[in-house]
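Worksheet: the structure to be examined is printed underneath.
The values are calculated or read from the model by the stated rules, or taken from the named source; none is laboratory data. Keep in mind that this is a model prediction, so the values were computed, not measured. Quick reminder, even Gly has a Cβ in these numbers, built from the backbone with ideal geometry, and neighbours come from all protein chains shown. These accessible areas exclude ligands, DNA and RNA; they are computed on the full protein's heavy atoms, side chains included. Shrake-Rupley method; radii C 1.70, N 1.55, O 1.52, S 1.80 Å.
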Amino acid sequence: MRIRNLFIACVSAMAVVTGAISATFVVADWQAYGHAVIARQTSQALGAVLRVAGTVIFSRGIQNRYLLADDAVGEAGRDRIAAARRTIADNLNGAKTAVAAADFPERDGVSAALLEVERDLAVLYRDVDKAVAVPRGERDTVFVKQYGGRLLAILDKLDEQVDHLERVTSIVSTDPAVGHFIAIARLAWHVRDAGGRRIAIFATAVGAGQALTGPEIETAAGLAGETRHAWQRLRSRAFLIGAQDSLGPVMADVEERYFRDGNRLIVELTSIGRMGGDYGMSYQEVWDRLVDLGIQTVLVLRDAAIDEAIAHAEKSRTAAFMRFLFAVGVMALVLGTVFGGALFFSRWIVAPLIKMTAVVTLMARGERQVEVPAQGRADEIGAMAHAIQIFKLALIEGDDLARQVAQRTADVLSAKERAEAALKELSHTQASLVRAEKMASLAGLVGGIAHEINTPIGVALTAASYFERNTVDVSARFEANSLKKAELATYLASTREAATFIATNLTRAAELVQSFKKVAVDQTSEVRRSFDLAGYLAEIIQSLRPVLKKVPHVVGVDCPGGITIDSYPGAIFQIITNFVMNSLHHAFEEGQPGHIQIAVREEAETVVIDYSDDGRGIAAEYLDKIFDPFFTTSRNRGGSGLGLHIVYNLVTTVLKGDIRCESEPGRGTRMNMTIPKVVDSMSEEGTR
């Protein structure tokens with residue numbers, strides 16, 4: 001079931017991933033199609049707004065003529081103005097319809113702006129009709145002067161919407177040519193706008209029969225430069241996108257009629273205007289000739305560029321829609337392939353794998369008499385089945401081997417338990433030997449002290465016996481009244497001498513007992529206390545006198561007074577005693593006099609005890625073993641091998657110090673021990 005679930009999960013994941021990737025392309029192509037549709041719609045709306053602006057400019061020239069005429073407008077003039085306004089209204093309605101059909105976020109703003117333009121034009125029409133209905137002398141001169149500015153404000157609003165539509169189109173369009181053709185249409189509109197304003201200057205001067213003024217000539221020249229600049233930009237843009245085939249004939253017509261023939265007429269009028277001569281034509285004739293000599297051709301170019309932009313947008317829309325259909329088809333094909341392959345994979349591979357998984361599961365539970373499926377296949381599944389069969393045979397052999405291993409493991413565990421018991425017994429024996437070593441040292445100390453005390457107590461007992469006999473004799477003489485003065489004086493003198501002997505020897509015995517008491521208590525109780533190191537070393541040497549007096553060795557102690565440490569005196573006693581006994585037993589030949597030196601120096605937080613003898617030394621191969629338990633070179637003489645091992649444990653564990661040994665054969669041995677002045681709390685816990 002796990003393999004099946006894994007297979008289903010893998011197929012599902014593949015389907016999800018494949019579907020997601022395909023859906024990504026589908027969504028992207030659908031979005032591209034939507035953008036192409038919006039680009040086509042905004043291109044149509046932009047062309048419609050440009051046509052509105054063009055007809056507004058055309059209407060400006062017509063209305064200018066009658067605003068500047070001396071007489072009131074006649075019926076023919078009213079018909080001409082009405083025709084121009086109908087054209088504007090038709091184009092404006094077309095623009096509103098095109099904007100309403102477009103689907104872009106700012107559509108409502110553009111529609112509102114077109115309605116505002118419509119309202120502004122209605123107000124302007126009313127004021128124009130009022131002005132041209134009366135002779136020139138009765139017209140509102142303020143309105144006549146403001147007419148051009150009010151019309152330019154309307155054109156600016158239209159130009160703003162053209163900018164907005166061009167920006168939207170450039171964002172959503174996937175074909176750069178759409179934006180280029182729209183830019184060409186706008187440049188053509190600028191050429192027509194600048195040219196129309198230039199024509200209006202000359203037509204106004206001709207209609208008034210007046211010479212051109214200096215400012216009018218400069219304005220006309222500036223408009224001519226603006227026209228040439230816009231035309232050069234238009235030509236560069238057309239060359240950039242290779243639009244010579246579609247727009248080349250119209251552009252050639254504009255250059256011939258507008259820039260050659262139209263400029264020739266304007267130059268002629270400029271010369272006449274500067275001289276103040278007779279133009280020989282009316283305002284309407286000048287306007288019609290100049291419009292015929294290029295203005296209409298520029299409008300044709302504008303419309304052709306808009307049509308090209310719409311055509312390219314339509315091509316992008318069609319291409320995007322085809323890509324969308326292709327992506328949908330690819331997604332369907334891929335998903336069909338995935339699910340078809342999954343069905344084949346499930347029947348040919350997954351099903352045998354599930355059966356083999358069940359067989360392996362049974363074998364893992366201990367079953368060995370199971371039939372492995374698909375062994376007759378010659379592909380990888382068959383190879384896997386063959387491998388499982390071999391594995392089954394290996395498991396059968398492994399079961400036998402496991403039983404043998406289990407038996408051997410039981411034997412090993414039994415041997416391990418016996419070894420652990422032996423190790424435990426060995427550790428117990430080692431601890432007993434350590435205690436025995438300490439008690440043997442104490443027993444030796446007791447024997448030596450007993451022997452040492454025997455002499456002063458014997459002397460005191462002899463003196464006491466002598467004193468008793470003299471006292472009995474003197475008492476008898478005194479009772480018999482035969483005691484002489486000289487005899488009494490002799491008795492008193494001997495009494496004083498005996499008392500002195502008794503006191504001296506009993507004091508000596510008491511000192512020995514007191515010294516033994518201190519070191520014995522320190523050695524057995526392991527109590528931490530503060531003590532003077534120099535005095536305590538002297539007491540240790542004093543307790544060893546019974547042993548030292550039997551050998552010809554000299555023991556020297558060099559310890560400055562005033563060194564007080566807070567430590568374990570019993571441990572120090574055991575260490576110094578073991579050092580001395582090791583030197584007596586191992587360092588010197590029998591009868592050979594030697595020197596033992598104990599030097600102490602104080603450092604910041606520690607005390608260094610340097611013990612040395614001038615005996616035979618230790619061989620180099622033994623130096624690394626002297627602190628090991630049970631290591632001794634004198635086992636035939638009763639050595640246990642625990643003395644220096646006990647010393648090492650006492651120094652490192654109890655006293656929290658360190659010890660090292662230096663020795664060379666024939667040059668003696670030196671034990672250097674460094675211990676802290678104050679044993680830390682962890683050391684104290686360890687001794688309890």
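Here are the numbers:
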read-out	value
Residue in the stretch 324-343 that is at pLDDT 75 or above, aliphatic (A, V, I, L, M), open to solvent by 40 Å² or more (accessible area, probe 1.4 Å) and within 30 Å of Ala48 (Cβ to Cβ) present	no
Counted residues, the stretch 610-623 - those being under 18 Å from Val647 (Cα atoms) and open to solvent by 30 Å² or more (accessible area, probe 1.4 Å)	4
Leading residue by the ranking (modelled with the lowest pLDDT) among those in the stretch 629-646 that are exposed (fewer than 13 other Cβ atoms within 10 Å of the Cβ) and not in a loop (DSSP other than H, G, I, E, B)	Asn636
Residue check, Thr409 more than 30 Å from Leu247 (Cα to Cα), open to solvent by 50 Å² or more (accessible area, probe 1.4 Å), under 51 Å from the mean Cα position of the chain (by Cα) and among the hydroxyl-bearing types (Ser, Thr, Tyr)	yes
Test result for Ala394, loosely packed, with under 15 Cβ neighbours inside 10 Å, small (Gly, Ala, Ser), at pLDDT 80 or above and out of contact with any Leu (no Cβ under 8 Å at 6 or more places or on another chain)	yes
Sole exception among (1) at pLDDT 75 or above; (2) of a type in the set (A, V, I, L, M); (3) farther than 29 Å from Asp400 by Cα for Met363, by number	(3)
Every residue from the stretch 362-380 that is closer than 21 Å to Asp399 by Cα and surrounded by 12 or more Cβ atoms within 10 Å (Cβ to Cβ)	Leu362, Met363, Glu367, Val370, Val372
Arg418 being farther than 30 Å from Phe630 by Cβ and modelled with pLDDT of 75 or more	no
Members of the stretch 532-570 that are open to solvent by 10 Å² or more (accessible area, probe 1.4 Å), of a type in the set (A, V, I, L, M, F, W, C) and either modelled with pLDDT of 90 or more or under 25 Å from Glu605 (Cα atoms) (or both)	Ala534, Ala538, Val554, Val555, Val557, Cys559
Among (1) modelled with pLDDT under 80; (2) open to solvent by 40 Å² or more (accessible area, probe 1.4 Å) - the single one Thr87 does not satisfy	(1)
Selection within the stretch 122-162 - in contact with a helix residue (DSSP H, G or I) (Cβ under 7 Å, 6 or more places away or on another chain) and outside any helix (DSSP H, G or I)	Arg139, Asp140
Filtered residues of the stretch 140-162 (kept if buried (at least 18 other Cβ atoms within 10 Å of the Cβ) and more than 60 Å from the chain's Cα centre (by Cα))	Tyr147, Leu151, Ile154
Options Gly19, Gly77: the member that is surrounded by fewer than 17 Cβ atoms within 10 Å (Cβ to Cβ), touching a helix residue (DSSP H, G or I) at 6+ places or on another chain (Cβ under 7 Å) and either at pLDDT below 80 or assigned to a loop (DSSP other than H, G, I, E, B) (or both)	Gly19
Where Ile626 falls short, out of the listed (1) more than 19 Å from Thr674 (Cα to Cα); (2) within 60 Å of the chain's Cα centre (by Cα); (3) surrounded by 15 or more Cβ atoms within 10 Å (Cβ to Cβ)	(1)
